[in-house]
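Enquirer: My structure is below; once you've seen it, I'll send some questions.
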Amino acid sequence: MSGSLCSCCGRSPESSRGWQPGDFHSVFVCTAGAAAVCSRQTQWIHPARPSSSSVQSLRAGHEAGNDSWGILALAHACAGNGSLSGSCLLVQRNVSKVCHALRTSCCCIFCLQAHGFEMLCSKSSKVAPDAKGNVLRGPLWERFLRSLKEKDYFKGEMEGSAKYLELLHMAEDHFQQSVVVPESRSLRKPSAAGDWDNCKAGFWSRGSRVCSSKPDLHPQQPEGRKTKTQRSLRWGTGNLLPSFHPRSLYQYQYSLAVQLQHTSTPSPWGARLQAEALIRLQQLWRDPGGEELLQLQIHDLKAQHQPEEQRSQDSTGGSPVEIALSPEAQAELQQPVFISWSSGKVKAFYGNEAENILISNLKRGITSLFQLQPHAGTTVEEDASGSCQVTYTMSNHSITKTKDLLSCSKPKSGFTSMNKIFGVEWQPSSRSQYVVRDSLLQSVLAEESHVVAPALRSRSGIKISSRQQLQLVSPAVPGLAEVSGQSLEDVLAGTGARPQPLGMASLPFRRVCTHCPSLRAFLKAFDRQRVRTDTLRVATAWQFQRFIQMLRSAKKRDVLQLLRRAPEEARPFLVEAAVATHSVASLAVLSEFLDFSQEPKSLLEKFLCAAAFSPRPSGELLQLVLDKLDGKQLAPEIWETGIVAVGSLVGKLCQQKLCGLQVVERGVETILRGLRGAQEEPRVVISLLALGNARLPETIPTLLEHAEGGPTAVTTAATSALQRFPAPHISSKVKQVMRRIFHQKRKSYDQTCHLAAAEILLDNHPLPMDVINILLATTEMETEVATFLLLKVQNCLRDHHHLARKILKDIMGDPRINNYNFFSKVGISSSFSAPLAVTQDLTSTFGLDLLFLEGGFLRKSVSDFSLLSHGQRLRAAQVTFEAQGMESMMGENLSEGEEEPELMAGMAATFFDVQLQPIVFFQGYTDLMGKVLLSSAEPTSVVRGNLLLMDHHQVIPLQSGLQVTVRLQGGLGLDISADMDVSIWEQELKTSVNARGSLAMDFQAELDSPLLQATLRSQTEVETSIHFDTKLRFSSSPVLMCLQLREEQVPYREVLSVSQSAGSRSSTARRGRRGAMPRREFALHQTNSRVCNLLLPAEKE
């Protein structure tokens, strides 16, 4: 043992003899000897044979909850008492733990002072003033003092203050004891700045570690990896677990700042609220397990806001306006709430459940500031925002809490559109910082922000900022005496207020709208009101939204009276509004009012189309549609529209995870029963299209059966339905069937069918062999079909998001595939896609597929308008023209063995991912002649009406307890018509698709608090008209084709407003802008432009 030395300073046990009691350096541990020595008792005490006093001391350290703090307490007692007894025992494993926490090789108490560790306890030895003055003038002291400042030893105190001088004197005494070495002592006492130099000088014992690198006195490492001991013993950190003492009143200054502003304005413009209050907190009771009951009370709440009409053009604003609270509100605010609190966690919240919701939520927000934990890690906490995942990090005296607001679970409230493109983008963030010193919560700063905007237009967004601050005013003052009780319930019962347990999550608040339109008021002035029905005017779209708002709060008798009193031409508009409302009263009225055996077909079709396009249908709406279709002799048009609507409703309900509803199962069975019982081909086709709208994976086998074994029209409908399924549902079995159809293994298929099979294979993670086989097959195909398919492959290569792009690029690296022989087809068929408009939120694309027959006649034309936004894709409109049998009519010869197809022309349309029933222009030569002779020259209406595209309602509870409600409504008036004109004499074919519409979008955020109610609103309106025309002249060879895509002038208008109401004062401010985008015509490709220059001038002449 005698040869054992300290691994840092190199002292031996003998060197400690003669030290004076109270000299802090006289107690140390040597790792080599694994023993402890005391200057009073010079013999070594081995840890394996501790004395009874040492066991008691060790037990005391354990009872303190932390071995290392127990060490420090014992060392403090030894130094403060002026004597060191046998009870001042430090065992090696505890000091080693301290050394490990500090990441240093020091193992004796003397060396630990280099880390400023036991300085806080060293108060016993005094130093002569003259010796002190000499030492404190050297560079060593300057380095030591600089190190202390870097480590926040002075805790931010101002130089010259009493607290600063007290800490400075302690540091001077400590430094003097470490540096001034009396001549009579042979033991060298290194300073904090000189430990490393002495280490390098060779004060390392035999067999100890080599001095290889300078010890990091205050190492930084990820907080999540620190042990509890490490977190507690970091230099200057102290205990980060706050505590409150009984019979003590703690007073905090509370401030709140909330702001809502439009993001589209160059300068902040919106609503602002500021509030201040005094928060009084005291402990009423504590049980032996550590659970505490705290009482929190709000005093002297003052609030102010700034009306927008007082703000100048540069947004500097005038003087804020004080908000006067009613006596009732002031009384409720001062009612105390009670918190069950344990180790920094709010376990329960108690208050008056009858008080105003907004005031109760404000108290929840303040209580949430006392929700924390004193160690790093990720956990789930419940506060005013709900039950959320939070992450804690530690740094010196502070605790940082980051809350993942997207993970919060709270009582369900609100709704949104099923398609995310028509929803709202929400970007939240939350961060809180706690400062704890000497186990006392000094301050809290909680900041959060939310940016909400329509997914289609982020310019119309609104930013919500909230900032809470809690600052300790002064040291605790005498407070209430503790309340006696055996349990928490007994204590609460004895408070007199008898508080009830309340949830920590804020309760949703529903604002009473005093200026919203009322259906009853509308009915009183019904004779003077006019219902607009022109879907092309944006005023109609705004009226459509107002009716939805009125109907959602109306009673059944008022809705029924509205439909009965409305003129015949206005009823379709009102039926559309009633369907979009989704209220129980409106659906009950529709069930009673609509008679499918008597009502005109146009009104019934309007009802079914509105149901199919519903953005967020309910099970009750599907039930109503099924009841109207069930067991009735319906016109074919009504039945077809109804089955298509059932498929759309089933699909949207399943997207809402409501597939398990009994009415959904009934809807699926209705479609399948109609498919099984269909005797005519058109009914089979409609049922297959309905399955495509539903997109249920369990119906894929049925679709495959009809795709492979049905006639051309059935195969076309089944493959079209399969194309609408997402890639994960296109299994190997589906691909196997598509391979058989494409390669015509079992039977021959129409060209359009095996082209559709090839598209399914290419669009859904194709195998390399599938791509190669498709490319090889083009060498045996007719020129037009091969040209069309090769252009499809090239489109896949140009699309950066296509699933087959990488595989195609790899295959194209093979010159045996990528060569002139494959890609030199000279047909006139084409396939291309290009963007129409690109914004930061949205990309709209136009695609056109044209498949011709070998004689130059158009077989199929597909025009596609798609929207891509935030990773979502929506097929806004797809119009397909098909014609067959034209070649025989014009005297073309058929291929050997090919049957003569029936003369036919028709159209199919998909809008907003809803496939509508197909339209037949003519079928057979007789029908064609009749249509030509009796044609009214009016285009065929594909869809006409009003749709509710956007319907979003979201409640955002702020951590401060305030509530923001976000609403989005978007109404669309749509009129799409199509026409096909065949001129036998001029040998021309013309097709046209005209899409005209008006969009009205209303986006708003409402702030609700007991102090201020504010609404920020953004209203956008636009009218648009797009025309797509094709003209083919097949009298010449080659066939001449001209495509035209043009957009008329697009007028638009945007209005921003801010409304505020505080007490008896209210204000509204508005800003707006309007404009028009000029008319434009889209250039499709150069060859098309040259042909159009030939055809169009001749047409004008």
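The values are calculated or read from the model by the stated rules, or taken from the named source; none is laboratory data. Computed from a prediction, not measured in an experiment: that's the story for all the values here. Positions of Cβ are backbone-derived with ideal geometry, glycine not excepted, and every protein chain shown enters the neighbour counts. Ligands, DNA and RNA are excluded from the accessible area calculation, which covers all protein heavy atoms including side chains. Shrake-Rupley method; radii C 1.70, N 1.55, O 1.52, S 1.80 Å.
Enquirer: Under the 0.36 nm per residue contour assumption, what length would be gained going from the current alpha-carbon distance of Arg944 and Arg498 to full extension?
Expert: Extra length available between Arg944 and Arg498 comes to 154.4 nm.
Enquirer: Can you tell me, using C-alpha contacts under 8 Å and at least 6 residues apart, the relative contact order of segment 958-1055 as a whole percent?
Expert: 26
Enquirer: Separate question: How much length, in nm to one decimal, is gained on full extension between Ser1035 and Asp810, taken as 0.36 nm per residue of separation minus their Cα-Cα distance?
Expert: 76.7 nm
Enquirer: Where in segment 500-529 does the label zone of Lys556 land, with the point 7 angstrom along Cα→C-beta and an amide N cut-off under 20 Å?
Expert: Under cut-off, by backbone N: 519-520.
Enquirer: In whole percent, and with a 1.4 Å probe on the protein chains, what portion of the accessible area of segment 995-1101 is carbon and sulfur?
Expert: Carbon and sulfur atoms account for 47 percent of the accessible area of segment 995-1101.
Enquirer: Something else: Could you report the accessible area of Val321 in Å², rounded to 10, computed with a 1.4 Å probe on the protein chains as they sit in the structure?
Expert: Rounded to the nearest 10, the figure is 30 Å².
Enquirer: What do you get when you divide the Cα radius of gyration of segment 683-760 by 2.2 N^0.38 Å, with N the number of residues?
Expert: Against the compact-globule rule of thumb, the ratio is 0.96.
Enquirer: Given a 1.4 Å probe and every protein chain left where it sits, what share in percent of the accessible area of segment 763-816 is carbon and sulfur?
Expert: 57
Enquirer: Alpha carbon centre of segment 495-558 versus segment 732-761: separation in Å?
Expert: 53
Enquirer: Quick check: net charge around Glu576, other residues with Cβ under 11 Å of its Cβ, Lys/Arg +1 and Asp/Glu -1?
Expert: So the surrounding residues net to +3.
Enquirer: Tabulate in residue order the Karplus-calculated ³J(HN,Hα) for segment 842-858, using 6.51 cos²θ - 1.76 cosθ + 1.60 with θ = phi - 60°, rounded to whole Hz; enter x for Gly and Pro.
Expert: Once θ is set to phi - 60°, the couplings for segment 842-858 become 9, 10, 9, 10, 10, x, 9, 10, 10, 10, 10, 8, 5, x, x, 8, 6 Hz.
Enquirer: Would you mind giving the average projected area, over all directions, of the Cα convex hull of segment 979-1019 in nm² with one decimal?
Expert: 4.0
Enquirer: Let me ask something additional. For segment 613-753, what % of the accessible area comes from carbon and sulfur atoms, probe 1.4 Å?
Expert: The computed percentage sits at 48.
Enquirer: Compute the FRET efficiency between Thr379 and Val451 as 1/(1 + (r/R0)^6), taking r as their Cβ-Cβ distance and R0 = 22 Å, and round to the nearest 0.05.
Expert: 0.25
Enquirer: Okay, next question. State, to one decimal in nm, how far the label point of Ile357 lies from the label point of Gln427, with both points 7 Å from Cα in the Cβ direction.
Expert: Going by the 7 Å Cα→Cβ label model, 3.1 nm.
Enquirer: If r is the Cβ-Cβ distance from His729 to Val1055 and R0 is 45 Å, what FRET efficiency results, to the nearest 0.05?
Expert: Working from the Cβ atoms, E equals 0.55.
Enquirer: With θ set to phi - 60°, apply the Karplus curve 6.51 cos²θ - 1.76 cosθ + 1.60 along segment 280-288 and write out the HN-Hα couplings as whole Hz, x wherever there is a Gly or Pro.
Expert: Those phi angles translate into 10, 10, 8, 8, 9, 6, 9, 9, x Hz.
Enquirer: Per residue, what accessible area does segment 493-589 have, given a 1.4 Å probe and all protein chains present, in Å²?
Expert: Per-residue accessible area for segment 493-589 comes out at 52 Å².
Enquirer: Next question, about the same structure. Just subtract the alpha-carbon distance of Thr393 and Glu1081 from 0.36 nm times their residue separation and send over the number in nm, one decimal.
Expert: 241.9 nm
Enquirer: Next question. I'd like the accessible area for His245: 1.4 Å probe, protein heavy atoms, all chains in place, Å² to the nearest 10.
Expert: 110
Enquirer: Could you provide, to the nearest whole Å², the per residue accessible area of segment 346-450 with probe 1.4 Å?
Expert: Heavy-atom accessible area per residue stands at 37 Å².
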